[in-house]
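Student: If you scroll down you'll find the structure; I have some questions about it.
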């Protein structure tokens, strides 16, 4: 059963907040689920009440959701390219190799990220509703 609510300030689990209607974002979440052998990641669509409450409490720039994947881990909010790179680091070998991209200045990484983000629906499509987790991964989704 999906967790009703989690106090994200007290969890050590990395939480990925994502655009639940974006096919690219859903693909990213599916990738993480497939390669997260230790099952450490939790997930919440930005459109869910949990996602909206978390983003509001984070005081992130107003423009951040839903055009960004957001990672909350150990009290730190990572957005855009930093979120994707941190997620790859947490996945371990061989995906940790992608983390070497952190040496690219953030403004360049985020410029590419923003280009893809602006065109994600056109290039990858959009769903009418958020992804519905299957029973085997439901416990990893925070919903409310």
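Student: To make sure I understand, if each residue's beta carbon is the centre and we count other beta carbons within 10 Å, what order do 113, 99 fall in, fewest to most?
Tutor: With the sparsest Cβ surroundings first, the list reads 99, 113.
Student: Would you mind computing, in nm to one decimal, how far apart the modelled labels at residue 122 and residue 93 are, each placed 7 Å from Cα along Cα→Cβ?
Tutor: The two pseudo-label positions are separated by 4.2 nm.
Student: How high is the relative contact order of the chain, in percent, counting Cα pairs under 8 Å that sit 6 or more residues apart?
Tutor: This gives 39 percent for the chain.
Student: For the chain, what is the mean residue ellipticity at 222 nm derived from helices alone (per DSSP H run of n ≥ 4: -39500 (n - 2.57); sum divided by total residues; nearest 500 deg cm²/dmol)?
Tutor: -11500 deg cm²/dmol
Student: Can I ask one more? Can you tell me what share of the DSSP beta bridges in the chain is antiparallel? A percent to the nearest 5 is fine.
Tutor: 55
Student: Starting from the Cα of residue 104, step 7 Å along the direction of its Cβ; do the same at residue 11; then give the gap between the two resulting points in nm.
Tutor: 2.9
Student: Sticking with this one: As a footprinting exposure proxy, order 77, 123 by other Cβ within 10 Å, with the fewest listed first.
Tutor: With the fewest neighbours first, 77, 123 line up as 123, 77.
Read-outs: derived from the displayed coordinates by stated rules, not from any lab. Worth saying up front: this structure is predicted, and the values here are computed from it rather than measured. Note: ideal-geometry Cβ built from the backbone for every residue, glycine included; neighbour counts use all protein chains shown.
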